[in-house]
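Read through the structure below, which is laid out as structure tokens, and then see the notes.
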Amino acid sequence: CFNFDKMDANNALNRITRELTVRPAAGGSGVDLIAEPWAIGGNSYQVGGFPSGWSEWNGIYRDTMRASQNKLGAVPITTGQLATRFSGSSDLYQGNGRKPWNSINLMVAHDGFTLKDLYSCNGKSNLQAWPYGPSDGGSDDNISWDQGGIAQDQRKAARNGLAFMLLSAGTPMMTGGDEFLRALNCNNNPYNLDSSANWLNYNWTTDQVNFNTFTQRLIAFRKAHASLRPIDFYSGADNNGNGMQQMSWFKPDGGTPDSAYFGDANNRAIAFRIDGTELGDTSSALYVAYNGWSGNVNFMLPWPGAGKNWYRVMDT
């Protein structure tokens, strides 16, 4: 529903928002109210504008992460913008008492490209013959790229897109079929197609099987590590005296990025470390490094904690 205020006060949706108890910010029982905070028309884009108690599809997260991958310098995305999105979008949700999990982090949704097509298509192709079309409408602003038509790079980009959501503070949202690289051949508005192309097809290729395995393992990794699911926004302080900040940011050379580094769109690599001992994690620390450029980057690993060593568990 786009306009609660224009509906009858006794409409079921209005009664839900008025009569059912909203889940407290600290967790517990109650309903979760989630907004798709945009519609058609002026002043309808309201990401970050909903009141306390509401979670939102974070379109700014989506567009920032897409542009970082698919525009490769054509759109000036800074490491500071990436850091804000990775850490729960405090600029959007902290001001009125909301929490990181109020940010619904997505790369794609029911409108628009599938995850596979986001990294395989330079633009929409909705007027195809049945079963992939024809469909009307569909956005022309998709921030998509076919990775030069290289299938291996398309799969790598999709792994990165999935990893963004599952390694960011917030609530990840996936579209059914993205876990196995479902493709719609660049149709980004197939709402009208009751066809074999638009159904979920579980006769997978080897690449789809492999991607599904990657997805399952990445979901399991997030589930196993509470530090990736913080209740509150990360702190930059050492809160338990173990010599490690709760969350730290790093340049590839291991140094601490300053405001100049965070603000320069020519810097395309950033990393962060989370102190798991402060967040009830079974691991003492987690380290995530992201290279947002086409060339290789060497990262200097930070201190893992007293008596600890780093172990690589994922490489997209």
Requested in this report: Determine the pairs where a residue that is over 15 Å from ASN102 (Cβ atoms) and assigned by TED's automatic domain parsing to the domain that holds PRO51, located within the stretch 17-29, has a partner that is of a type in the set (Gly, Ala, Ser) and surrounded by 10 or more Cβ atoms within 10 Å (Cβ to Cβ) with Cβ atoms under 6 Å apart, the partner being 6 or more residues away or on another chain.
Outcome: THR21/GLY30
Query raised in the report: Mind checking whether some residue in the stretch 199-211 is touching a helix residue (DSSP H, G or I) at 6+ places or on another chain (Cβ under 7 Å) and in contact (Cβ under 8 Å) with a residue 40 or more places away in the chain?
Result: yes
Report task. Output the number of the condition that TYR119 fails; it satisfies all remaining conditions of (1) within 20 Å of VAL47 (Cβ to Cβ); (2) buried (at least 24 other Cβ atoms within 10 Å of the Cβ). Result -> (1)
Query raised in the report: From the list ASP140, ASP136, ASP153, which one is among the acidic types (Asp, Glu) and assigned to a helix (DSSP H, G or I)?
Result: ASP153
Requested in this report: Report, ordered by the first and then the second residue, all pairs with beta carbons closer than 7 Å, sequence separation of six or more or different chains, a first member in the stretch 241-257 that is farther than 20 Å from ILE231 by Cα, and a second member that is aliphatic (A, V, I, L, M) and part of a loop (DSSP other than H, G, I, E, B).
Outcome: PRO252/VAL297; PRO252/MET300; ASP253/MET300; GLY254/MET300
Report summary line: Reported set for the stretch 45-99 where residues are out of contact with any Phe, Trp or Tyr (no Cβ under 7 Å at 6 or more places or on another chain), aromatic (Phe, Trp, Tyr) and crowded, with 21+ Cβ neighbours inside 10 Å is TYR61, TYR93
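The values are calculated or read from the model by the stated rules, or taken from the named source; none is laboratory data. Model, not experiment: these values are computed from the prediction. Methodologically, a virtual Cβ is constructed for each residue, glycine included, from the backbone with ideal geometry; neighbour enumeration extends over all protein chains shown.
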